[in-house]
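The values are calculated or read from the model by the stated rules, or taken from the named source; none is laboratory data. Because the structure is predicted, anything quoted here is derived from the model rather than measured. Here Cβ is always computed from backbone atoms with ideal geometry, including for glycine, and neighbour counts include all displayed protein chains. Surface areas here come from the heavy atoms of the whole protein model, side chains and all, with no ligands, DNA or RNA. Shrake-Rupley method; radii C 1.70, N 1.55, O 1.52, S 1.80 Å.
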Amino acid sequence: MCGIIAFTGNRAAAPILIAGLRRLEYRGYDSSGIALHSRNKIQIHRAAGKLSQLEKKLPAKVAGKSGMGHTRWATHGEATDENAHPHLSTEGNIAIIHNGIIENANALRKALEASGVIFSSQTDSEVLAHLIAATPAETLLESVRQALLQVQGTYGLVVMDAERPGELVAARNGSPVIVGIGEKEMFITSDANAILSHTREVVHLDDGELVSMDQKSFQLSTLDAASATRESITITHDAGSLELEGYRHYLLKEMFEQPKSVERTLRGRLDHRFSTARLGGLNLTARELLDIRRIKILGCGTAYYAAMCGANCIEQLARLPSSAEPAAEFRYRNPLIEPDTLYIVVSQSGETFDTLAAVREIRRKGGRVLGINNVVGSTIAREVDGGVYMHAGPEVSVASTKAFSSMLTSFMLLALQLGRIHDVSPQYGTVLVEALERCPEKIAEALEQDAPIAAMAKKYCVAKSMFYIGRTDAFPIALEGALKLKEISYIHAEAYPASELKHGPLALIDPDTPTIVLLPDNDLLDKSISSLQEIKARKGPVIAVTNSDSPEIVELSDDVIRFPACHQFLHPLVMGISLQLFAYHCAVTMGRDVDQPRNLAKSVTVE
Ligand code: M6R
């Protein structure tokens, strides 16, 4: 989604802004631009398309020691140079960059046009530049504050004034704004990854807050003009983890990082002495955990499929009724919130609008909600009652892989902790602790199948459509496998519970439609093999994904993807790796932009 970077200091701003925008590219965008403050003027440079288009348009020397940059993902108006941010007021003295949606933009635009303002873009954001220019006050901060009181909608906003060199004002309502504190220089960004090579000390704004800054200091305040204070936090992940490090794509790198990222999710959380897991951040005592009667897990996209896996896993181990639901569906259906239900939201970015809205709905109604998040200090992480950081490290590729495996790992830890509070015996607890410890090794073994899976992908990526089927805990993995294939290869893919095939989808099975059948070696293996027979009888090509030695699977399948033998608690996690590799190689064979698939953004911070 749209990205923001702003800088004020004693260095040339343009290279800092362009490098920052490059860090934001992974979030998805279709145009970009920068504004520089130089000699009491604001110069803007904007271009539709990739960042390289903007770079081509920049003069060899771009003066200015303060400025701001933006990557735009079109919502109002097409992806054109004119609609790209920054936007200027008519006199050119106020410049803005904006993430979010101004809901009363039409009404504001009409009123401004009536007073003689001429708009030069079709965006909702441009009203902010004109509105601030039309709201004079003693300070820029006060102009912005007064203007925002007239605005309905969401914003992460940065403003510059030609007459105030080195000064930046930013405001937040529903879209992240982070202040970066450097040595005699300051940054503003929507994503801390953009400034990590300059500073690790950051302050997150809350909704309804503004910040004004120069190169030496910053002041927080609220829309009601009260002052605010907040401790800074230090970001600990390595800036190197944002580089490709020799991999062809971020997606490939992130898939191969999974033994390490899952190891980080597990680190310090397994307790051999009591044969359990310990998740420190839940902020719930054992007694409070014991009083929970039901679990409801919410997320979007891949996170929703992880939520489904989590619900299965918790219900099996803790014997607590557990279910998952897409966060947006939940929040729009006026849900009942029960005091003895534990609500859990799962989100890699911690900024997904629908998931955040679900958190707010639950809390407004008095419910207790935990978060499973990857980005430290993200909005969801700050608004929940407690939770788990996945520590997967930054995920750059739009398609989620290592965050998914760390979500599943977090849920397995939680299921074990809850299970041991209920009726998992110490003996079985020990078996599960030992199984979990082997996750990184099992993932690494699954990744060893990269070359045979790449060869298979070459054969099957010509298909127009594919099916993915699995039973019980393999079904969410089938859903996630199909989503991965759709997202990055654009091949149509649908997932079904294997048992549902005969209730309709079987009509679509033919020699041109491959089915990926998940066959983990468990009690349901015979039933899953019968699905293979159903498909073969209709001459459908079958790719079996299995860790069983059953000769029947080999006989009935056109190809077999092997994943390692492991405790069945780990099956969803380990099978998922094989499906990631398959989707990746299909996409690469088809020449797709695997890291930035069309129409998609890394985090969806709007409705
Ligand atoms: O940041 P989140 O985990 O909340 O994001 C949720 C979804 O938007 C995300 O998982 C999306 O489905 C990805 N493109 C999946 O690869």
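Taking only the Cα atoms of the stretch 455-607, how large is their convex hull per residue, in Å³?
On the way: hull volume 18.8 nm³, N = 153.
Here the figure is 123 Å³ per residue.
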note = Each label sits 7 Å from Cα toward the beta-carbon; between VAL462 and SER120 the label points are separated, in nm, by 5.3 nm
query = By a straight-distance test (C-alpha under 22 Å), which lysines pair with LYS536 as possible cross-link partners, with residues fewer than eight away in the same chain excluded?
reply = LYS458, LYS459, LYS464, LYS502, LYS527
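Given only helices, namely DSSP H runs of n ≥ 4 each adding -39500 (n - 2.57), what is the per-residue ellipticity at 222 nm of the chain, to the nearest 500 deg cm²/dmol?
On the way: 20 runs with 212 residues, N = 607.
Helix-only estimate at 222 nm: -10500 deg cm²/dmol.
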request  = Sort the stretch 244-437 into rounded, prolate or oblate with this rule: let a ≥ b ≥ c be the square roots of the eigenvalues of the Cα gyration tensor; rounded if a/c is under 1.5, and if a/c is not under 1.5, prolate when a/b is larger than b/c, oblate otherwise.
outcome  = oblate
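Gain in length, GLU113 to GLU338, computed as 0.36 nm per residue apart minus the alpha-carbon separation, to one decimal in nm?
Values: separation 225, 0.36 × 225 = 81.00 nm, distance 4.97 nm.
Difference between extended and current length: 76.0 nm.
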request  = Return the Cα extents of the chain along principal axes one, two and three, sorted largest first, each rounded to a whole Å.
outcome  = 78, 55, 42
message = Under the 0.36 nm per residue contour assumption, what length would be gained going from the current alpha-carbon distance of THR430 and ALA455 to full extension?
response = 5.1 nm
ask   = Considering lysine pairs in the stretch 244-437 that are 8 or more places apart or on different chains, how many have Cα atoms under 27 Å apart?
value = 4
GluC sites (Glu not before Pro) restricted to DSSP loop in the stretch 441-496 with at most 15 other C-beta within 10 Å = GLU448
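What GluC sites (Glu not before Pro) in the stretch 161-222 are in a loop by DSSP, with at most 14 other Cβ atoms within 10 Å of the Cβ?
On the way: sites: GLU163, GLU167, GLU183, GLU185, GLU201, GLU209; in loops: GLU163, GLU167, GLU183, GLU185.
Answer by residue number: GLU163, GLU183.
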inquiry  = Going Cα to Cα from LYS41, which aspartates and glutamates come in below 16 Å? Please leave out same-chain ones fewer than 8 positions away.
reply    = GLU91, ASP161, GLU163, GLU167
request  = Round to a whole angstrom and tell me the spacing of the C-alpha centers of the stretch 576-607 and the stretch 159-184.
outcome  = 33 Å
request  = Pull up the cross-link candidates among the lysines for LYS216, meaning alpha carbon to alpha carbon under 18 Å and not fewer than 8 places away within one chain.
outcome  = LYS65, LYS184
query = Share of the stretch 244-437's accessible area from carbon and sulfur, percent, 1.4 Å?
reply = 50 percent
key: ALA19 paired with ALA60, simple spin-label distance in nm, labels 7 Å along Cα-to-beta-carbon   = 2.2 nm
task = Measure off, as a whole percent, the carbon and sulfur share of the 1.4 Å-probe accessible area of the stretch 3-235, all protein chains present.
result = 48 percent
inquiry  = P(r) for the stretch 3-235, please, calculated from all Cα pair distances in 5 Å bins and given in %.
reply    = 1, 8, 16, 21, 22, 17, 10, 4, 1, 0
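Just to verify a number: FRET efficiency for ILE421 and LYS41, C-beta to C-beta distance, R0 = 56 Å, to 0.05? Don't jump to the answer; show the numbers that get you there.
On the way: r = 65 Å, r/R0 = 1.15.
FRET efficiency, ILE421 to LYS41: 0.30.
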message = I'd like the GluC sites (Glu not before Pro) in the stretch 40-138 restricted to DSSP loop residues with at most 10 other Cβ atoms within 10 Å, sorted by number.
response = GLU91, GLU138
inquiry  = Suppose all protein chains stay in the model; what accessible area per residue would a 1.4 Å probe give for the chain, in Å²?
reply    = 39 Å²
query = How many nm is it between the label spots at HIS567 and GLU500, if each spot is 7 Å from the Cα in line with the beta carbon?
reply = 3.0 nm
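Between ASP558 and LEU600, 0.36 nm times their residue separation minus their Cα-Cα distance comes to what? Display every interim value, and only then the final one.
Details: separation 42, 0.36 × 42 = 15.12 nm, distance 3.30 nm.
Answer, rounded to one decimal: 11.8 nm.
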